[in-house]
Each structure stands twice: as C-alpha cells, then as structure tokens.
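Throughout, read-outs are computed from the coordinates displayed, never taken from laboratory work. Note that this is a predicted model, so its numbers are computed, not measured. All Cβ positions, even for glycine, are placed from backbone atoms using ideal geometry, and neighbour counts span all protein chains on display.
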Amino acid sequence: PNDTVAAAVPATLARPVSGQLGGGDLRDLYRLGPKVGGTLSLSVVLSPETDPASVRLVVLSVSGAELASLRPPTRNARLQVPVGAGDVVVGIESSGPPVGYVLTSRLIQGPISVTAVTPTAGGPGTLVRITGTGFTTDAAVTRVLFGGAVGRVESVSPTSIDVTVPSTAVDGPLTVVS
C-alpha cells in the first residue's frame, strides 16, 4: 500500500486520482513534483456514505514533515498550501469506516520577479544570468527573449536562469517566460 512517504504513488497535477480506504488501509499518499513554486490546491470529493469528520487531507514534505492538514467540513472540500518547486506528498487518511474518494491537485504558479541581470549588456553568444524568484525548474518551458529573439536556456532553478544571447538578438526588452 502507498501509506508511507517512501511508497507514495507518483501522481500528476490536475489529473484526479480515486481510491478507497478501509479494511486496514487507513492512508493513501501521492507524490507530486511541481516544477515551480506557488499555491497547491487540493480538492477532495468523498463518497456519499463517508462521514467527513473521519477524514483528513495532509500535505507532507518528502522527509515526512507535515506542511498542512484539513478535516473536510463537507464531502466536497478544498485545501490550499504554499509550496516551493520540487516534490511534495499529498494524502488522505481515515479514522473510521471505509472511505471512497476522488482527489485532485492543481498548482497556481506564484509571481515571477526578476531582481538582477548580469551582465547588463553583451552581444550574441554572451552567457547571461537572470536572478529572481518564482522561476520554474523545467528548462523546456522556460523562454528568455532578447528584443523578441529567443535565447538558448542553459540552466534553470527557482531563483536563476542562465541563457545565451542568440545571434539574432536586437536591442530591446528582456522578457522572461517561466
């Protein structure tokens, strides 16, 4: 069973997972890997026979520390938790009779903020470091435009993007899409 952080089943944001607790299985955990920080929104729909008072939604770090929990007030409830980029574990626990559920997670990306660009000028081939907050850790979806020309993203983290100025760059604004 997926009742420990180590055994948490990989899940995909925005794709509902359904399950059943009971008969000795009192906890289901799912591992999510948001590639950008923001607000994790969990919604749960419980089966009609489920008493919401016997259920708890949890959000855990990968080390098992509890980040948030909620006892749903109704059979259809939502929990929102700020998270950074990287894996978190979400789960549903029962302290009573069998529980049927559908759990859906979504991520609302936090704001992007650019605090520095180094160097501030340079021709094609120059490696530029953009520092700030709110960047994704997925280089495949990160875009940096130099006057409208797309640069080659070399590396990304939640706080920096390294990008090479393209040969087609022209003077103009630097635009970050992350």
Additional length obtainable on full extension of the chain from Thr168 to Asp51, 0.36 nm per residue less Cα span
35.9 nm
Residues with beta-carbon under 15 Å from that of Val36, excluding Val36: net charge, scoring Lys, Arg +1 and Asp, Glu -1?
+1
Cβ-Cβ cut-off under 13 Å around Ser155, Lys and Arg +1, Asp and Glu -1: the net charge is -1
Treating every alpha carbon of the chain as one equal point scatterer without solvent, the Debye formula yields log10 I(q)/I(0) values at q = 0.08, 0.17 Å⁻¹ of -0.36, -0.93
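Quick check: residue separation of Ala7 and Arg27 times 0.36 nm, minus the Cα distance between them. What number comes out in nm? Walk me through the numbers on the way to the answer.
Working: separation 20, 0.36 × 20 = 7.20 nm, distance 1.14 nm.
Taking Ala7 through Arg27 to full extension adds about 6.1 nm, to one decimal.
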